[in-house]
Amino acid sequence: NLFQGKFVDENGKETKRDLLTVNMATAYNYLADSLKWSNLTTNVRTKILGKSISVRMTHGFYRRNADNTRFVDRFERFPKLLTLSTSMGFTLNNRTFSEKKDKPGKKPEADRAEESGILEDRSRMIERHDYREETKNISVPWSTSLNLNYSYNRLNQAYPQRLDLSARANFQLTPSWKISWNGRFDLIKQEMSYQRFDIYRDLHCWEMSFGWQPTVGYYSFQINIKSSALQDIKLTKHPTNSSYLR
């Protein structure tokens, strides 16, 4: 299902925009002896302030037993929500806030006449630098993204809801050095649930990578040949007693 809106501007021109997209699906198994209807899945997608927002839901047609451990072959009065998940986010990079440089124009006639005078000002012959402007022209590619994620699972009685904020940042110090970080913060438990640091170094024919996950006490180090034909030639190092490997 596609819901659209028609907008009319002050000149009477009509434009049509997509407001909401809803996809629903289920299935019926003729050969099953019970619970022939599968869960109803619904995907909703829209845009708010230019950002895409999606919602995914699962509804069940059947009731659960008294212990709430399994479904029984009896219909609910109305499909019951079982799971729900949604997320929204945005991304920024070094080109997001870049300003268009003004094109150099011709100098006014008065300025050109002043520069070509008989008594020429010697101070004009000294090359001047605007170091602040030169610093602005230094290019360090970077990008960062933030995502807010929410999920609900009725079947998980111990931890039915989850709300976390995930972030990722990448920047390139030089053409050979790249650094990235990504993490996830649990907003319900108020704790950092995951984070990882990665460093990459281009060594011409070789390459080096280092990864560190402080939340689980794990790291990995590797040097390998770039060529895919020789990808088995590598040197790796990681802890053997980390809880991450258990």
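Taking into account only those residues within segment 19-50 that are open to solvent by 100 Å² or more (accessible area, probe 1.4 Å) and among the charged types (D, E, K, R), which is nearest to LEU81 (Cα to Cα)?
ARG45
Which one of the conditions (1) of a type outside the set (Asp, Glu); (2) touching a His at 6+ places or on another chain (Cβ under 6 Å); (3) loosely packed, with under 12 Cβ neighbours inside 10 Å does GLN231 fail to meet, given that it meets all the rest?
(2)
Might you check whether a residue that is open to solvent by 60 Å² or more (accessible area, probe 1.4 Å), in a strand (DSSP E or B) and touching a residue at least 40 places away in the same chain (Cβ under 8 Å) occurs anywhere in segment 164-183?
No: zero hits.
Tell me which residues, restricted to segment 194-219, are part of a strand (DSSP E or B), of a type outside the set (Phe, Trp, Tyr) and open to solvent by 50 Å² or more (accessible area, probe 1.4 Å).
Once the filter is applied, which keeps residues that are part of a strand (DSSP E or B), of a type outside the set (Phe, Trp, Tyr) and open to solvent by 50 Å² or more (accessible area, probe 1.4 Å), segment 194-219 yields ARG196, ILE199, ARG201, LEU203.
Tell me, yes or no, whether segment 129-141 has at least one residue that is at pLDDT below 90 and either within 30 Å of ARG64 (Cβ to Cβ) or in a strand (DSSP E or B) (or both). Steps first, please.
Of all residues in segment 129-141, those at pLDDT below 90 come to 129-141.
Now narrow it down to the ones that are either within 30 Å of ARG64 (Cβ to Cβ) or in a strand (DSSP E or B) (or both): none.
No: zero hits.
Pairs please, first residue from segment 187-199 and over 30 Å from PRO175 (Cβ atoms), second anywhere and surrounded by fewer than 13 Cβ atoms within 10 Å (Cβ to Cβ) and polar (S, T, N, Q), Cβ atoms under 8 Å, 6+ apart in sequence or on different chains.
ILE188/GLN161
Yes/no matrix, rows are residues, columns are (1) closer than 30 Å to SER85 by Cα; (2) under 23 Å from the mean Cα position of the chain (by Cα):
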position	(1), (2)
PRO141	no, yes
ASN156	yes, no
GLN172	no, yes
ILE188	yes, yes
MET192	yes, yes
TYR218	yes, no
ILE223	no, no
ILE233	no, no
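Quick check on segment 182-197. Is at least one of its residues among the small types (Gly, Ala, Ser), at pLDDT 90 or above and farther than 30 Å from PRO79 by Cβ?
Yes: one or more hits.
Please determine whether any residue of segment 221-230 is of a type outside the set (Asp, Glu), in a strand (DSSP E or B), in contact with a Cys (Cβ under 7 Å, 6 or more places away or on another chain) and farther than 30 Å from GLY60 by Cα.
yes
Would you point out the residue of segment 184-193, among those that are out of contact with any Phe, Trp or Tyr (no Cβ under 7 Å at 6 or more places or on another chain) and open to solvent by 70 Å² or more (accessible area, probe 1.4 Å), that is nearest to TYR150 (Cα to Cα)?
Residue satisfying both the conditions and the ranking: ILE188.
Scanning for something open to solvent by less than 90 Å² (accessible area, probe 1.4 Å) and either touching a helix residue (DSSP H, G or I) at 6+ places or on another chain (Cβ under 9 Å) or outside any strand (DSSP E or B) (or both), does segment 70-93 turn up at least one residue?
no
The values are calculated or read from the model by the stated rules, or taken from the named source; none is laboratory data. Just so you know, these numbers come straight off a predicted model, no measurement behind them. Cβ coordinates were reconstructed from backbone atoms using ideal geometry, including for glycine residues, and neighbour counts include every protein chain displayed. Ligands, DNA and RNA are stripped out before the accessible areas are found, and what is left, the full protein with its side chains, is counted by its heavy atoms. Shrake-Rupley method; radii C 1.70, N 1.55, O 1.52, S 1.80 Å.
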